[in-house]
Amino acid sequence: MATLLHIDASARKSRSISRSLGTEFKNQWLSANAKDKFIYRDVGSAPPEFISESWIAAAFTPENDRTEEQISLLRQSDLLIDELSEANVIVISTPMYNYGMPAALKAWVDQVVRVNKTFSFDLNRGDFPLEPILSGKALVLLTSCGEFGFGKGETREEMNHLAPHLQTISKYLGVDATFELRVEYQEFGDTRHKESIEKAYKAIPRVINKLSTNLTTNA
Ligand SMILES: Cc1cc2nc3c(=O)[nH]c(=O)nc-3n(C[C@H](O)[C@H](O)[C@H](O)COP(=O)(O)O)c2cc1C
């Protein structure tokens, strides 16, 4: 039995392309893997707190030395990290805002990428002192953007700070394999947009199949 963690990040509740794609992915996953556990976190509707100076101080205070206030400050982070730790597959459905991720999703990232919880830090490792603590997870990125050409070798590749950022950070979420289904052209609303949506929906069963096979092989 696997656990699917689904994170929705769009500020839109209605007409959201990324939310619809995420819901479809979840439905197809659960109908193919009925016994799997499902955890849902809607950061678009209820963004996690931004981290603060006191939060950072609490995170860097050894666990046994934390004050009641520090323990309480880290409670939301503890909960979000528990959800992440449990997951075998993380699905993030998210819009592109200003060429990157929505602030609400970044707030989630800042809450879960935490010293001695999801990564360790050791200067004995030389120039790369950070190492992930979690491992073996797969990440599915379901993204939607208004413009187009954000893929590898395409016209706006260098303006894409959404998937590349999430892919870089995914190492510290314990991710070993990433898949992205991207819908483009939303602002144009033309046939290219329609085709882009169709292509993304069509790819869902293929991604699920691949992930299910990997999970069975590694079980
Ligand atoms: C605040 C905001 C910023 C946006 N910035 C970009 C952008 O930088 N590049 C882009 O291609 N589309 C941008 N868009 C368009 C969205 O990515 C597009 O509408 C997408 O479908 C939104 O996701 P959703 O349908 O799941 O809500 C932006 C939209 C909003 C509301």
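Looking at segment 86-120, which of its residues are more than 20 Å from Arg156 (Cβ to Cβ) and within 11 Å of the ligand (Cβ to nearest atom)?
Hits for segment 86-120 are Ser93, Ala103.
Report, ordered by the first and then the second residue, all pairs with beta carbons closer than 8 Å, sequence separation of six or more or different chains, a first member in segment 10-21 that is within 6 Å of the ligand (Cβ to nearest atom), and a second member that is part of a helix (DSSP H, G or I) and not β-branched (Val, Ile, Thr).
As it stands, the answer is Ser10/Ser18; Ser10/Arg19; Arg12/Arg19, since those pairs meet every condition given.
If we scan segment 159-179, do we find a residue that is β-branched (Val, Ile, Thr) and in contact with a strand residue (DSSP E or B) (Cβ under 6 Å, 6 or more places away or on another chain)?
Among the residues of segment 159-179, at least one is β-branched (Val, Ile, Thr) and in contact with a strand residue (DSSP E or B) (Cβ under 6 Å, 6 or more places away or on another chain), which makes the answer yes.
If you scan segment 25-50, which residues turn out to be open to solvent by less than 60 Å² (accessible area, probe 1.4 Å), more than 9 Å from the ligand (Cβ to nearest atom) and either in contact (Cβ under 8 Å) with a residue 60 or more places away in the chain or not hydroxyl-bearing (Ser, Thr, Tyr) (or both)?
Phe25, Lys26, Gln28, Trp29, Leu30, Asn33, Asp36, Ile39, Asp42, Val43, Pro48
Within segment 32-64, which residues are of a type outside the set (A, V, I, L, M, F, W, C), closer than 25 Å to Ala87 by Cα and under 22 Å from the mean Cα position of the chain (by Cα)?
Of everything in segment 32-64, those that are of a type outside the set (A, V, I, L, M, F, W, C), closer than 25 Å to Ala87 by Cα and under 22 Å from the mean Cα position of the chain (by Cα) turn out to be Asn33, Asp36, Lys37, Tyr40, Arg41, Asp42, Gly44, Ser45, Pro47, Pro48, Glu49.
Across segment 102-154, what is the number of residues that are polar (S, T, N, Q) and open to solvent by less than 50 Å² (accessible area, probe 1.4 Å)?
Count: 5.
If Thr67 satisfies every condition in (1) more than 14 Å from the chain's Cα centre (by Cα); (2) buried (at least 20 other Cβ atoms within 10 Å of the Cβ) but one, which is the exception?
Of everything listed in (1) more than 14 Å from the chain's Cα centre (by Cα); (2) buried (at least 20 other Cβ atoms within 10 Å of the Cβ), Thr67 misses just condition (2).
Scan segment 135-150 and give yes if some residue there is over 12 Å from the mean Cα position of the chain (by Cα), among the charged types (D, E, K, R) and within 15 Å of the ligand (Cβ to nearest atom), otherwise no.
Within segment 135-150, one or more residues are over 12 Å from the mean Cα position of the chain (by Cα), among the charged types (D, E, K, R) and within 15 Å of the ligand (Cβ to nearest atom).
Suppose we keep only residues that are surrounded by fewer than 17 Cβ atoms within 10 Å (Cβ to Cβ) and touching a Ser or Thr at 6+ places or on another chain (Cβ under 7 Å) within segment 155-177. Which one would you say is nearest to Glu86 (Cα to Cα)?
Per the criteria, the residue is Asp176.
The values are calculated or read from the model by the stated rules, or taken from the named source; none is laboratory data. All values reported here derive from a predicted model rather than from experimental measurement. FYI the Cβ positions are ideal-geometry reconstructions off the backbone, even for glycines, and counts take in every protein chain you see. Quick note on the areas: whole protein, heavy atoms, side chains included, nothing else; ligands and nucleic acids left out. Shrake-Rupley method; radii C 1.70, N 1.55, O 1.52, S 1.80 Å.
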